[in-house]
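Just below is one structure, and these are the notes that go with it.
The values are calculated or read from the model by the stated rules, or taken from the named source; none is laboratory data. Everything numeric here is computed off the predicted structure, so don't read it as measured data. For neighbour counting, all protein chains shown are included, and Cβ atoms are generated from backbone atoms with ideal geometry for every residue, glycine included.
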Amino acid sequence: MDSKLLIDAIVRQTTVLIAALSTASGIRAPLAHVADQVFLELANEIEASGVGRKVVADMFGLALRTYQMKVQRVSESMSTRNRSLWEAVYQRILNAGAISRQQIEERFKHDSSDDVAAVLHDLVTTGLVRADRRGADAVYESSAARVAVAGSDIGALAPVVWGCIYRKSAVTPSDLARTLGASSESIEAALAALLADGRVRWNTRADALIADVFVVPVGAKQGWEAAVFHHFSAVASAIAIKVQRGPGSRTDDRIGGATLAFDVCDGHPYEAEVYGLLARVRGEVNELWNRVAAHNRSHPIDDDVKVKVGFYFGQSIEQNAESQPGGGANA
């Protein structure tokens, strides 16, 4: 597989993850900014690797001047991430408690009536909103099981901020607001909670934020977003470093990964052993992590000499996969 085919395949797989995240828990996350965000961050990363701007423009199939203008336009537009109509309608119902169809249509009179109707139908179908009566006489109110709109719940934002600080080692509140696209007020509130319980501290020498550990316990109701990003970041970083160092692997590699697929069925002699892999590896890794953490608490490592080793593992199960033979791959 050449680089172009590999890039295309990774993009396709990444869109599967984004699609799942954008509809998780019934939420319809806004996606209008995604294409611009991908372009801007990809351009920035390529330029940061030392590739000249003219060459980067050519990689995107653009003339240099067109590329420069697009970077400028996207940079300006990315400073504000607009909400989707779905999120705006949902937030309006949450704030009102109960609101009539006529009031909603009046509030969003500049949007297509068909689009507003489609959003209301989706909110009712997913159970996030209840409708008393139908048609023009309908009155909408939020369901008992509310789902917090992204960015509005400080309890949910704090673990994301914590994970971002841990991965970057040293950041400032303005860095976090820019990276996460959150308001400075939300970032300050999340940081206040993190600093209060010691999950985050100030590095006075660098005048920046530091997180020595990052933990989202199994079964936690908040912070799953941070955990997902932490998993994805660890995998992507390891693969990127491995690619930069060139193809090939050795048994004594310190950077790399392995992916194995097992074909089993009900009653298979190794069924329980295969299904139990996640629990066994998690237990072993957590036990080692606890020992390392305990040692580091009594023997702190200076930030200037600290080496962060990321280890990732995971398990998925696909039911009734169509003739996908088991296999393995190492990198």
Pairs, please: C-beta under 8 Å, at least 6 apart or cross-chain, first residue within 30 Å of Ala238 (Cβ to Cβ) and in the range 255-276, second acidic (Asp, Glu)?
-> Val264/Glu271
Any chance you could count how many residues in the range 98-137 are more than 21 Å from Ser84 (Cβ to Cβ) and either in a helix (DSSP H, G or I) or among the hydroxyl-bearing types (Ser, Thr, Tyr) (or both)?
-> 5
Given the structure, is Glu284 on the phi < 0 side of the Ramachandran plot, exposed (fewer than 12 other Cβ atoms within 10 Å of the Cβ) and not assigned by TED's automatic domain parsing to the domain that holds Trp202?
-> yes
Scan the range 45-62 for residues that are surrounded by 13 or more Cβ atoms within 10 Å (Cβ to Cβ) and over 17 Å from Ile7 (Cβ atoms) and report the count.
-> 4
Tell me which residues, restricted to the range 1-18, are within 14 Å of the chain's Cα centre (by Cα) and exposed (fewer than 11 other Cβ atoms within 10 Å of the Cβ).
-> Val16
Residues that are within 30 Å of Ala131 (Cα to Cα), within 25 Å of the chain's Cα centre (by Cα) and at pLDDT below 85: which helices (runs of 4 or more DSSP H) entirely in the range 44-97 hold 3 or more of them?
-> 85-96
Please enumerate the residues belonging to the range 87-128 that are of a type in the set (Val, Ile, Thr), buried (at least 17 other Cβ atoms within 10 Å of the Cβ) and either touching a residue at least 60 places away in the same chain (Cβ under 8 Å) or closer than 22 Å to Leu31 by Cα (or both).
-> Val89, Ile93, Val116, Val119
Restricted to the range 151-187, and to residues that are at pLDDT 75 or above and touching a His at 6+ places or on another chain (Cβ under 9 Å), which residue is nearest to Gly310 (Cα to Cα)?
-> Tyr166
Out of curiosity, is Pro247 exposed (fewer than 10 other Cβ atoms within 10 Å of the Cβ), in a loop (DSSP other than H, G, I, E, B) and either at pLDDT 90 or above or aromatic (Phe, Trp, Tyr) (or both)?
-> no
Got at least one residue in the range 22-34 being modelled with pLDDT of 85 or more, assigned to a helix (DSSP H, G or I) and not polar (S, T, N, Q)?
-> no
Scanning the range 169-188 residue by residue, those surrounded by fewer than 16 Cβ atoms within 10 Å (Cβ to Cβ) and in a helix (DSSP H, G or I) turn out to be Pro173, Ser174, Arg178, Thr179, Ser184, Glu185, Glu188
Considering residues of the range 292-321 that are surrounded by 10 or more Cβ atoms within 10 Å (Cβ to Cβ) and of a type in the set (Lys, Arg) only, the residue nearest to the chain's Cα centre (by Cα) = Lys306
Does Ala29 satisfy being closer than 21 Å to Val89 by Cα and surrounded by 11 or more Cβ atoms within 10 Å (Cβ to Cβ)?
-> yes
From Ala329, Ala279, grab the single residue that is surrounded by 10 or more Cβ atoms within 10 Å (Cβ to Cβ) and at pLDDT below 85.
-> Ala329
